[in-house]
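Below: one structure, written as structure tokens.
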Amino acid sequence: MTDPQEAIRVTDLHKRFGPLEVLKGISLTAKQGDVIAIIGGSGSGKSTFLRCINLLELPTAGSVAVHGETIDMKTDGQGGLMPANRKQVERIRSRLAMVFQSFNLWQHMTVLGNVIEVPIHVLGVPRDQAIATAETILKRVGLFEKRDVYPSFLSGGQQQRAAIARALAVQPLAMLFDEPTSALDPELVGEVLSVIGDLAREKRTMLLVTHEMKFAREVSNHVVFLHNGLIEEQGPPEQVFGAPKSERLKKFISSIH
Amino acid sequence: MAAASQSVFDLLAYDAPGWGGVMLGGFYMSLKLAFGGYFLGLAIGIGGACGKLYGGPLIRDLMEIYTTLIRAVPDLVLMLLLYYAGTDALSQLLALMGYGAVDINALMAGIFVIGAVQGAYSTEVLRGAIKAVPVGQIEAARAYGMSPLMVLRRVTLPAMLPHAIPGLANLWMIATKDTALLAVIGLSELTLVTRQAAGSTKAYMLFFLAAGALYLALTLVSNVVIRLIEKRARRGLVRTA
């Protein structure tokens, strides 16, 4: 039934905050190598959707499977769901690398410390091996020279590239980008997008919540437009951006440009 | 030999009839009480802060009662209460369990008393410091698969340290001075032995000044160490004016 070729399969996901239903039944499958852009206005539920995948938010109903393994959930007795097996959730989370809007680097660790933290302490990689891998990754994102600097002494763009390095260091099964450029000064957006673009071109599985429409069109092979907690329209980027069918998507795209 | 004819150096000499050795012994006892009590308090504080922040309703209420009661009652009263009533209760308990009469080590009892008092204040200092840690950093740790305990050890505690150190440093200073209150329960710490030395030689000024100098020296050394620790804890933060 489940297929390991599917990096992520989300089935009929619902999320309710009190009386407010933010997600009203979303199903989405990302195959390995898919780059899926998730777009939509504010309040459309796109960030919540992403955060439900690694259970930073607990869905009210629905299921998530990663690499063919369904995350076991049980009811929490209050009409919601909670993980049935904490160890399973932690194991799956450790390979679903998330990149946050506000970077969320650990401030008391250097850039290198941030990148080797999860491999050493969660994945059990030997320290010298973790450092060697981390240095290769840091060279790649152009931060090798900054490896011994603490994050608060870096620019936003550098911090986000460090956060991407931290994500790459866990050799992720899939990467979750939650508006990675929204907190950046305009002149710093380019350096981050170029790193993400490179990763997309080497066919890393990723879900990308973004407001950068031009970028989404360039790098993704599938675009999902969320509206009011539902998928309003989806398809290849040429179709979604070039020939939108729904009125709301047309309006959304014209409002962006 | 009349007291007046003794020189300052004779009085402070290390060996009897000088009182230097006794004074230093008292100082050493004060240090042990302060260290033991402070770190016991810190351990209680970490547990208390986590209990208040992450515990269920029952744990939170218990912690609230503990911090409120301890902080509401004067330290001296608490010390008398915990020392006399506490040790009495403990020995009765041990007797009930068939261990017979047990003599409770005065040093351990003193450390326990200071630790219990410090724990209540540490709980509040640490709770505030943990709340000052940006949620995003804790969220990132969870998102990368850390267990709750690992999040605490690797992220929350080191990240809250810069916020906690001023308060914890204060508590350390208070702990060093609170040891003097234990003189009332007859622990031979610095203040008690100073009173003995001064009383039997009538050189009050000399011995109380000497004790003051020892407390001052401890504070000055502590300041240096605290500054080093604070610098280390703040290494990842941009200096603000």
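Throughout, read-outs are computed from the coordinates displayed, never taken from laboratory work. In this text the structure is predicted, and so the values were computed from the model without any measurement. Cβ coordinates were reconstructed from backbone atoms using ideal geometry, including for glycine residues, and neighbour counts include every protein chain displayed.
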Need the failing condition index for A:Gly156 against (1) touching a Ser or Thr at 6+ places or on another chain (Cβ under 8 Å); (2) in contact (Cβ under 8 Å) with a residue 40 or more places away in the chain; (3) farther than 23 Å from A:Val35 by Cα, just the number.
(1)
Checking B:Thr156, B:Thr191 in turn, the sole residue that is more than 10 Å from chain A (Cβ to nearest Cβ), in a helix (DSSP H, G or I) and touching a residue at least 60 places away in the same chain (Cβ under 8 Å) turns out to be B:Thr191
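Residues of the range A:135-158 being assigned to a helix (DSSP H, G or I) and over 11 Å from A:Glu191 (Cβ atoms), which ones? Talk me through it step by step, then tell me what you get.
Quick first cut of the range A:135-158, residues assigned to a helix (DSSP H, G or I) only: A:135-140, A:144-146, A:151-153, A:156-158.
Residues satisfying the conditions are A:Glu135, A:Thr136, A:Ile137, A:Leu138, A:Lys139, A:Arg140, A:Phe144, A:Glu145, A:Lys146, A:Pro151, A:Ser152, A:Phe153.
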Does A:Leu55 satisfy being more than 8 Å from chain B (Cβ to nearest Cβ) and of a type in the set (A, V, I, L, M, F, W, C)?
yes
Among the numbered conditions (1) surrounded by 18 or more Cβ atoms within 10 Å (Cβ to Cβ); (2) out of contact with any Ser or Thr (no Cβ under 7 Å at 6 or more places or on another chain); (3) over 25 Å from A:Gly197 (Cα atoms), tell me where A:Phe225 comes up short.
(3)
Residues located in the range A:74-109, provided they are farther than 20 Å from A:Leu176 by Cα, at the interface with another protein chain (Cβ under 9 Å from one of its Cβ atoms) and surrounded by fewer than 19 Cβ atoms within 10 Å (Cβ to Cβ):
A:Arg86, A:Lys87
Could you say whether any residue in the range B:160-180 is within 14 Å of chain A (Cβ to nearest Cβ), on the phi > 0 side of the Ramachandran plot and surrounded by 21 or more Cβ atoms within 10 Å (Cβ to Cβ)?
no
Got a sec? Which of B:Gly115, B:Gly98, B:Gly145, B:Gly86 is touching a Leu at 6+ places or on another chain (Cβ under 9 Å) and more than 13 Å from every other protein chain (Cβ to nearest Cβ)?
B:Gly115
Qualifying strands (runs of 3 or more DSSP E) (wholly inside the range A:176-255; at least 1 residues being over 17 Å from the mean Cα position of the chain (by Cα) and within 17 Å of A:Phe49 (Cβ to Cβ)):
A:222-227, A:230-235
